[in-house]
Amino acid sequence: MMEIDNKELENKFQQKIDRDIKIEPNDWMPDAYRTTLIRQISQHAHSEVVGMLPEGNWITRAPNLRRKAVLLAKVQDEAGHGLYLYSAAETLGADREQTIDDLHSGKAKYSSIFNYPTLTWADMGAVGWLVDGAAIMNQVPLCRCSYGPYARAMIRVCKEESFHQRQGFEIMTKLAGGAIEQKEMAQDALNRFWWPALMMFGPSDADSSHTEQSMKWKIKRHTNDELRQMFVDVTVPQIETLGLTVPDPDVKWNEVKGRYDYGPIDWDEFWQVVGGNGPCNKERVDARRKAKEDGKWVVEAAMAFTNKRNSKKSA
Ligand code: FAQ
């Protein structure tokens with residue numbers, strides 16, 4: 001009997017998805033839909049928060065006050081994105097503390113891209129342009145995700161990411177049009193971030209364990225490879241506009257398919273980084289753990305203050 005009820009609920013649920021009706025926190029949903037969303041949204045939240053580290057590294061070293069103010073604002077935006085996303089995961093019943101502990105214990109994933117170091121100022125340009133550019137490509141379709149709170153959070157996030165992408169492109173434009181040394185710095189940053197940016201979209205469709213089901217549930221609207229291709233198609237002409245060289249000799253316009261072909265991705269490197277063995281994985285997780293430790297007294301003080309106020313109120 002129970003099984004028949006569940007089947008019926010599942011059918012109704014899928015019909016709603018097929019009719020593009022949003023699923024809201026109190027609506028019935030299959031356990032696996034809830035689990036998938038908690039997984040994806042919390043990984044996304046962690047990515048935003050860990051993503052503050054490679055750029056935070058440059059706030060004190062930005063070349064002038066204007067650059068410093070812009071970078072500071074961008075990094076603060078990422079913190080905000082993390083907060084919306086942790087809240088969205090909470091609407092599904094996730095416990096925020098547990099979610100964050102999972103990041104700190106190395107159990108939870110976050111985007112591979114943030115395990116690469118940011119070595120020069122040009123990396124701030126490359127991260128804004130390529131990493132935020134890839135993030136937008138992936139997140140604009142998430143504004144139409146079937147889960148209401150996630151979709152609505154994405155609308156604001158995408159507006160901000162679009163500002164981030166432009167500030168990165170502006171840095172690259174300045175450097176690419178500057179002295180020879182500056183242009184070389186821009187090219188070097190592009191060389192180092194190009195392949196990791198392509199990997200951000202996730203494994204190839206053949207190796208993506210979640211895509212098929214997530215597409216049926218309209219959590220994902222495109223496959224990883226489709227989004228990666230769209231990114232290559234918009235970014236290659238931008239590289240040409242900057243007067244830089246695409247760091248892949250196989251990139252070539254394919255007249256028949258109406259898109260760029262590109263060379264093979266080093267999936268071994270991707271899985272190594274996802275598995276915790278990238279250049280900065282340890283440093284990133286250690287930094288987040290330390291931030292929690294160092295901020296403990298603030299949380300304790302805030303809790304003590306709230307408790308005191310509540311007991312006064314009830315007295
Ligand atoms: N890194 O079956 P799929 C940003 C894992 S935000 C690490 O294809 P799915 C803003 C995946 O979790 C960037 N792990 O998985 C910013 C799964 O493992 P699991 C983050 C990855 O979920 C800019 C396994 O591989 N954006 O940049 C990665 O269907 C600048 C199999 O993969 C989001 O999180 C990866 N790149 O598709 C901040 C967007 N790719 O969980 C600061 C939301 C895959 O089974 C500065 N997320 N894996 O153990 C998504 O759209 C999807 O989750 C994908 C992966 C597309 C990332």
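The values are calculated or read from the model by the stated rules, or taken from the named source; none is laboratory data. Since this is a predicted model, take the numbers as computed values, not measurements. With ideal geometry, Cβ positions are generated from the backbone for all residues, glycine too; neighbour counts draw on all protein chains shown.
Descriptive notes on the structure:
- Single residue of PHE305, PHE231 found to be of a type in the set (Phe, Trp, Tyr), assigned to a helix (DSSP H, G or I) and free of Cβ contacts under 8 Å to residues at least 60 places away in the same chain: PHE305
- Qualifying residues in region 104-118 (those that are within 12 Å of the ligand (Cβ to nearest atom) and in a helix (DSSP H, G or I)) - the one surrounded by the fewest Cβ atoms within 10 Å (Cβ to Cβ): SER112
- Exclusive hit being more than 18 Å from ALA197 (Cα to Cα) and either in contact with a Leu (Cβ under 6 Å, 6 or more places away or on another chain) or in contact (Cβ under 8 Å) with a residue 12 or more places away in the chain (or both), set ILE219, ILE239: ILE219
- Close pairs from region 187-202: first farther than 17 Å from VAL273 by Cβ and away from the ligand (no atom under 15 Å from the Cβ), partner assigned to a helix (DSSP H, G or I) and at pLDDT 95 or above, Cβ under 6 Å, at least 6 apart: LEU190/ALA126
- Among residues of region 169-182 that are surrounded by 15 or more Cβ atoms within 10 Å (Cβ to Cβ), those with a beta-carbon under 9 Å from a residue that is of a type in the set (Phe, Trp, Tyr) and outside any helix (DSSP H, G or I) at least six positions away or on a different chain give the pairs ILE171/TRP121; LEU175/TRP121.
- Among the candidates ALA94, ALA153, residue that is closer than 28 Å to ASP225 by Cβ and either more than 9 Å from the ligand (Cβ to nearest atom) or buried (at least 24 other Cβ atoms within 10 Å of the Cβ) (or both): ALA153
- Tabulated pairs, region 129-157, first closer than 23 Å to ILE171 by Cα, second small (Gly, Ala, Ser), C-beta under 7 angstrom, 6+ apart or interchain: TRP129/GLY168; LEU130/ALA197; VAL131/ALA197; ASP132/GLY168; ALA134/ALA197; ILE136/SER162
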